[in-house]
Amino acid sequence: MQSNITPPLVSFILLTYNQEKFVEEAVRAALLQTYQPLEIVISDDASTDRTFEKARAVIGAYKGPHSVVGSVNSRNMGTNAHLNSAVRKAKGEFIVVAAGDDVSAPRRVGELVKRWQSGASGVFSNATIIDARGDTKDIFVRHGYKHMAGWREMVLAGTHGAWGCTLSWEKRVCESFGDMPEDIMGEDAVIPFRCGLLSGLAYVDEPLVQYRDHGGNISFWAEERRLSRNEMVELGSRIMRFKERMYGNWKKDLELARSRNILDGRDHDWGQLVLDENILLVRKMDDLLKASPARLIFLLPCAWLHFARRMCAAASPFVALKVTAWKLLNGVLHYRAPGTHQVIRRIFGRNI
């Protein structure tokens, strides 16, 4: 836990790439942060449009208290490699990340730091969804969202429950685990789990970011909102393969945590066991996504009972049944029959 007497230096990292329509607003939002001392690192991943030129113009006119560093990569590095590079340049004890098409509230850094100082390795917040014009469309989650704070919850649920557009973490996470792997897209597949292995992941139930849904977003969530029913099945298949890679990276982080005495042998072995089951389950779900409707009706209950029985080695029978049902519903019905899935979730609750 950090001292409240001397505010720690925080690095606000703004990552940009081909966002010339929105980057000026994103940069101004970074410069308007009320927290001090703040270092603002604006890094462009070799944009092919005028993104960095526009960002540099806003930086050049800035006369405020924050330290501002702007740079552009000589070549396009890709999402994770770009973030790794920017994080290595950052000098702060705590890192707040933003995208060049989103808008951070002026209080964002201050609120995240306050929650971090109360005891956590990483913090994320709620967000509102805006369109290309900046008009509000929706909110990410309703008030009272129950996040996952620790790595055990994430392993058992097979997800981290956080989103990268609002994420922040202490530099200790990078020092403990090193760079993010580049074989999986996005920091939210990596950082929340690493935070969970240290002092946990915290949540601020306030929309501190305006996430811009402009039709060109690269997240699975944004892609899903514009797909046809048939295309949803293919997306689901890609997400299953993505999750398999994510679990593989989590397994590596468990190994590293064990080697550095962050975890004991018993916790390590339990986590590896459940992650192995998660990998088998997402492979099965990939098969189920491609099954005919008649076969799916038969295979889905069989898969539920089969994997629930296997999960009993790591959890109680009730928990195994509930968790496996949740994974199958969100991994198969969500993409095969989204309407039915929504009805079931309304009846039994979002976290069945």
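Derivation of every value follows stated rules applied to the coordinates shown; laboratory data play no part. Remember, predicted model here, so these are calculated numbers, not experimental data. With ideal geometry, Cβ positions are generated from the backbone for all residues, glycine too; neighbour counts draw on all protein chains shown.
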Shape call, segment 82-135: gyration tensor on alpha carbons, a/c limit 1.5 = oblate
For the chain, the longest principal axis of the Cα atoms and the Cα long axis of helix 229-259 enclose an angle in degrees, to the nearest 10, of 80
What is the spin-label model distance, in nm, from TYR145 to LEU32 if the labels are put 7 Å beyond Cα along the C-beta direction?
-> 2.2
Only helical DSSP H runs with n ≥ 4 go in: add -39500 (n - 2.57) per run for the chain, normalise by residue count and round the 222 nm mean residue ellipticity to 500 deg cm²/dmol.
-> -14500 deg cm²/dmol
Rounded to whole Hz and in sequence order, give me ³J(HN,Hα) for segment 309-316 from the Karplus expression 6.51 cos²θ - 1.76 cosθ + 1.60, θ = phi - 60°, writing x for Gly and Pro.
-> 5, 5, 5, 4, 5, 10, 8, 5
